[in-house]
1. Say whether the condition of being surrounded by fewer than 21 Cβ atoms within 10 Å (Cβ to Cβ) and of a type in the set (D, E, K, R) is met by at least one residue in the range B:146-159.
2. Starting from residues that are more than 23 Å from the chain's Cα centre (by Cα) and under 26 Å from A:V189 (Cβ atoms), keep the ones in the range A:61-85 and report whichever is surrounded by the most Cβ atoms within 10 Å (Cβ to Cβ).
3. Looking at this structure, is A:T79 in a loop (DSSP other than H, G, I, E, B), of a type in the set (S, T, Y) and more than 10 Å from chain B (Cβ to nearest Cβ)?
4. Check whether at least one residue in the range C:252-264 is in contact (Cβ under 8 Å) with a residue 60 or more places away in the chain, assigned to a helix (DSSP H, G or I) and in contact with a strand residue (DSSP E or B) (Cβ under 6 Å, 6 or more places away or on another chain), and report yes or no.
5. What residue, among those in the range B:13-31 that are touching a residue at least 40 places away in the same chain (Cβ under 8 Å) and among the hydrophobic types (A, V, I, L, M, F, W, C), is farthest from the other protein chains (Cβ to nearest Cβ)?
6. Among the residues of the range B:345-382, write down those that are acidic (D, E) and within 14 Å of chain C (Cβ to nearest Cβ).
7. Of all residues in the range C:369-389, which are within 19 Å of C:A20 (Cβ to Cβ) and not in a helix (DSSP H, G or I)?
8. Can you tell me which residue in the range C:381-419 is nearest to the other protein chains (Cβ to nearest Cβ), limited to those that are touching a helix residue (DSSP H, G or I) at 6+ places or on another chain (Cβ under 6 Å) and at positive phi?
Amino acid sequence: MAQETIASPDLKFVNDVIKGGGESLKKCYQCATCSVVCNLTPDSTPFPRKEMLYAQWGLKDKLFPNPDIWLCHQCSDCTAYCPRGAKPGEVLNAVRKMSIEHYSVPSFLGRAVGSRQYLVLLLAIPAAIFLIILASLGHLSNVPRTGGGQISYHEFLPSLYIDSVFVPVALFAVICLAIGVSRYWKDMVRASGLRPSQGGIANLISATIYEILSHKRFEKCNVTKERKISHFLVFYSFIGLAITTAWAVAYLYGPSIMKFLGLKPFSWMLGPSPYPLTDPLKWLANASALALLTGITLVVVYRYRNKEKSGLGGYYDWLFILVVYSIAATGILAELFRLADIAILAYPVYFIHLVVVFFLFAYAPFSKMAHMVYRATAMVFAKHIQREP
Amino acid sequence: MEKKYGVYICKGCGIAGAIDIEKLAKAAKSGAIKEENIKTHDIMCSPGGIQMVKDDMKGGVNTIIIAACSPRVKYEEFDFPGAVTERVNIREFVAWTQPPMTDETQSVAEDYVIMGIAKAQRAELPEPAVLENLSRDILVIGGGITGMTAALDAAKAGYKVILVEKELQLGGFANKLYKKIPTRDFKEPLIVDTEVEKIIKEVESNPNIKVYKSSKVEKTKGQPGLYEVTISTNGSSETVKIGAIVLAAGWIPYDASKLGYLGYGVSKNVVTNIEFEELAKKGKGKIFRPSDGKEAKKVAFIQCAGQRNPDYLPYCSSMCCATSLKQARYVRQNADALAMIFYIDIRTPGRLESFYREAQNDPGIMLTKADVTGVSDAGNGNLFVEMENSLLGEKAKVEADLVVLATGMVPATRAPQEYLDGLTQAATKGDDAKKAYIESTPKPEFILNLDYRQGPEIPSLEGAYGFADSNFICFQYETRRTGVYAAGCVRQPMNMTEAQEDAAGAAFKAIQCIDHVARGVAVHPRAWDLTFPDPQLIRCTACKRCTEECPFGAIEEDEKGIPTYMLSRCRRCGTCMGACPERIVSFKDYSVDIIGSMIKSVDVPEEEFRIIALVCENDAYPALDTLALHRKSIDPSIRFIPLRCLGGMNLVWIADAFSKGIDGFLLLGCKFGENYQCHFIKGSELANYRFSKVGETLDRLQLESERVTMMQVAIDEYHKLPEMINQFVERVKEIGHNPFKEF
Amino acid sequence: MAENKKVLVIGGGMSGLTAAIEVAEAGYEAYIVERNPYLGGRVAQVNKYFWKLCPPNCGLEIQFKRLKNNPLIKFYTLAEVEEIKGEEGNFDINIRLNPRYVNDKCVGCDACAQACPSYRDNTFNFGLNKTKAAYLPAPQAFPFQYVIDEKACSKDCMKPCFDACKYDAIDLNMKPESVKLNVGAVVLATGWDPYDMTKLDILGSGKIKNAVSNMMMERLAAPDGPTQGKIVRPSDGKEVKNIAFVQCAGSRDENHLPYCSYICCLASLKHALYVREQYADSKVQIFYIDIRTPGLYEHRFYWKVKEDPNVTLTKGKVAQITEDPGTKDVTVVVEDVYGGSKTKATFDMVVLATGMDPTTKTSKVGTNIPYTPDGLVDDAALKKGIYAVGTLKSPADVARSVQDATGIAIKCIQSLNRR
């Protein structure tokens, strides 16, 4: 005999799902069309039908510690065919957001990133930090230029300062994320009744990574097939930019480190920026920037194109989209203004660029950015419990 | 009136190709029918043919025999007002089902024509029996939504209405409701005022409607158009003349005290859906639970409580799902309260699906499919609803601070029907058993109190659990008591809107009945029939068979047991005619003598087999026509004779037939038993029962009982008919010739 | 103006017949306008009624008998109402009579059909077989009169039909006629069309031969149907031993029909009985969201089917149907909500329980029809003196349609007696 569930309905949770972009939640009448048209769900206890019911009753204990909400990629095939106009994709998206809030620490940041009214505050923090630094350097009034007299962001705000801000921020982000994800994992283990110590997941991780890199899952979507392209571009441009950053770090600190080691620096280590457009680093940087811009633009275009079938998405999604958008935009503009030598525009734009980049990194564990980690974790766990091949 | 005959034989549709028309014409000749009275035509239904007949009518012909196609076709052409017209079906029964130009085929045709003539010789034109000083007023029993709607509709159609309500005020259950479901567009807030007060005012202010409150019908005497209804109002009683009756006595809630396993009677905080309405009404929308007056914040609705379950109510009351969704909206008038609905299936058919969709679209209304197994105490007045196979889990329980049981409706007619059925049961065991039953069983309140020999209420219907429903899908108002039309939840479980539609229908049938009675015409299904049973009571032996067997209780009897025919209760099926051993019941065009003489006029050659088949006019006869249309062949030894209903089958015909040398006797009637299809309730069943008695007749004649048989055949089973018939013919042939042929 | 005692009834199905006959039996004149060449509507196509499993023709026979015996009723077949003008108590009606090419001298001898060289899809059987272009429109057709399908029968095909008729019942020069009436009240009883299967893309778009509609199933089971009542599958005439029923095929679905079509659960349960009675070793599976057998249907009918061990009821909506190109077997995909898994199952034949679409959308009624948001006729918004009946307002079974039609009869005489 199956053990008895004591279900305690949670009206507040239901309301939160609705506020969080799941307006259509209450339309579902459990016909199970969604589970059938979904190409991503496993055949046994498929999603999203059961998730819709749990969400309607506010049974978060059945929703959060469950990889399924992340196995859903919001193809929206379910939404297109739902006979009641419910949008399971959006509902699960709202639940995913709440799940990130639920697991991430510190939780107040989770709530803050999730809700409009804190946006200004969240932006104010990096803005303040950078303003203080600039003020202390006196660069708010007069900005030094390079020997050649060009605009130089390195002169404007030396990398050392930037890094001394971003390195701790990145660390903070990584730690928060690590804690959140491990809580998530533990919870899934508890819920699925697995013993915690079960090794041999290394190969599962690599399999998952391959799955992510290849974007295989997106191909299974029908209604929103094209999402593969946009996500692909955004995803790989981020990787490109990550490499660029590492590369730049090598340029910047390479010489001094080698000197310190008593070696002769390589000739290709150009030292501080700016770098000539002929330099391969620039090629990669600009290529990635453009890819990012295109990718994120497509994201917006597709969302509008499919808004009937899959909905536009809520604040949480759009916040992330806008951040990425402004990173790409300000990045490219900053470069252009620099080359065009329009100081009056170049510096402010660069400043904004720094702020949004900070925003992206610092809040990653709580923003939609975190989805890549949580989803990856869920995918690994699903394989771990043989829910997924 | 002296009869002047015209026999008209059609040659069209292959008749002339199958039958020797001249020979047929000769055969038609007899004492009464002169040669010049017999005419033929290539296409009798053509203008020429019709004209020929009409000219003869000018010449005085008043009795017309048309030997052509089935009476079911060309009915407009062969309509000769003022003349007795007999249609002889030699197209379907001969030309299309017999091999052409054989002696046998010829004899089939000749028999049919002679049988037709025999009938025409005895049939007369009907004159309607119009009763005197009839009432056109309508009695409506029950002042709920159904009764009030029926009263208003009848009044608006120009009829006077008397409305009898047992309670102090009109309104019925609608009075108890806090709000109702919108009838048209399902827009927020989805719960609207019942407006019952408005309807009550409209009824009470309508000059055509007289309302009797705190009243009941003490006695209903007489017949449609001539009812004398005694209405008693606390003590005093008054008798009114009534034309027809609408029975809208409504329903009572199922006795929830039988639902202990769902906590009813155990916890104060388990209430029925009706009690919940009263709570909501009392709290003006706020729900304060009975145990401690605390406002209920977590209300559980258990659907099908004691319904869809053989141990309680087997049926579905069909209104509970929408009702619980509505009541969930009551709960949700408090933004932080929630309502949980546990259902087996959500049943919101038709347009109500949109109500379901809208009502559900509320964060605080949670639904799950579940088989609720019980309700248990969760402390401080709260309760656990325990369930299996729920969408929440195979086995689950949920805490609630108030539980509402969606209990069902029991028709007001159920108690009387059960009592009376019990009484009939007991009576079969003898008078002592009957007496014992009467003493031991509490007598429920009757509703109609009909002063009928066959009992005071509408007879029960198998499988209807006391609902005064029609047995016929096509005819929802085909009542078992002429002039009494049930409407609303006394007829079937239904919601308010459906009940109002139903009320209109029943009111209309009452009006129609009054109109037909005034014209001396039968009511449905023979709504055109001007004939009526006209018994020669001098020869009556008071055997009471007719009074017992009349399917509609149309025959009363005096103290000497002599029947009195209540013509406006009568549906003209002729069951009394079949029941009467003295053969004294006759209609102008339908009598024991007429059918008997048709049988006797069949020619019985020694070497041939002859079988008589009496067939139901409504099902078997059309089936034979269709069979002919498909040109399937029928054994030539059979002669078909249509009856209004097999209930009219009189055993004397069998005796006549066999003593004349007929070899076999076949009845083709409709399905009987549960789900019977006979529109005269038990015609074929009665015929079958009489057949079981035919044994002694046959024994007296020393004949084998297999020579007679009855078959149940539906109108669409024509493809099976030849097989069925031929089997019987073969059987008879095995038995051999009827020894009486020699004499 | 003299008191107008006439009622126009548009639609000659069970609802229309009932409304017309009832008012006529109350002493008012009634006119029936029917678009088909025969009366009886959907009911005439139904093999047996739930729950009694009695033949609809029995009820129709009585209706026709009442009609034949009542001089106050007049009916037009192959007719449509072009225009309704005026107001309650005084409507001017313009009716178009389409040519039948066969007049009422027809005796139903079948000679024309035998002589006719060309064929047409048998619409009465939903195209499951063919008839001659000169044909009897229904097996038990009333009126019992043939008709010629001009689209299927070019003039050189009409000639042999004409020559074959001994009763000069065929009139090749028939032209559309128009009839004008003045009536006091109008009843819309045009009934319903089965929902168009081609719109159900995930359910095969009506292209899968062995995925038939529930109305087709009625014809397949009918003794006078295309298979003489033998339930076999259209692709190859194979006996149907393993069959599935897909409930809510288009109904309760905002992408198609938002409302519940009421009859489909009962119809599928009935069809299950058809199959079970015909093949002792047959297996039936019904996929549903909710089983809707309200009122007395529950124990009188639902239980009877449920108790059969060879009938399985599975909660879960079928949302994918595919055909095996070789065997023509049909595979459905569904989430068995209790079994807790997404399963594929293959059947000889699948029946889509398609719903009711108001016929006012496809046939002329001569007046503007207001609709509710969910696409049903909004009777309350109709012009005074015009009434909608039966399935137009909300899907219903025969019993409720008849009940409603009788109720509408009193509204009509109220209209006629007002003022």
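FYI, it's all coordinate maths here, none of it is from the lab. Computed from a predicted model, the values in this text were never measured in an experiment. Heads up, the Cβs are rebuilt from the backbone with ideal geometry, glycines too, and the neighbour counts pull from every protein chain shown.
1. yes
2. Looking at the filtered set, the residue picked out is A:K62.
3. Numbers: in a loop (DSSP other than H, G, I, E, B): no; of a type in the set (S, T, Y): yes; more than 10 Å from chain B (Cβ to nearest Cβ): yes.
No.
4. Our first condition is that a residue be in contact (Cβ under 8 Å) with a residue 60 or more places away in the chain; within the range C:252-264, this holds for C:256-264.
Now narrow it down to the ones that are assigned to a helix (DSSP H, G or I): C:264.
From what is left, the residues that are in contact with a strand residue (DSSP E or B) (Cβ under 6 Å, 6 or more places away or on another chain) are C:264.
Scanning the range C:252-264 turns up at least one residue that is in contact (Cβ under 8 Å) with a residue 60 or more places away in the chain, assigned to a helix (DSSP H, G or I) and in contact with a strand residue (DSSP E or B) (Cβ under 6 Å, 6 or more places away or on another chain).
5. Here is the first cut: in the range B:13-31, the residues touching a residue at least 40 places away in the same chain (Cβ under 8 Å) are B:13-15, B:17-20, B:23-24, B:27-28, B:30.
Still in the running and among the hydrophobic types (A, V, I, L, M, F, W, C): B:13, B:15, B:18-19, B:24, B:27-28.
Values: B:C13: 5, B:I15: 10, B:A18: 13, B:I19: 16, B:L24: 19, B:A27: 24, B:A28: 22 Å.
That would be B:A27.
6. Residues of the range B:345-382 acidic (D, E): B:345, B:353, B:358, B:362, B:371, B:377.
Within the range B:345-382, B:D345, B:E353, B:E358, B:D371 meet the criteria.
7. Here is the first cut: in the range C:369-389, the residues within 19 Å of C:A20 (Cβ to Cβ) are C:377, C:379, C:382, C:385-389.
Passing the criteria: C:V377, C:L382, C:G385, C:I386, C:Y387, C:A388, C:V389.
8. Step by step, filter the range C:381-419, then rank; the result is C:G390.
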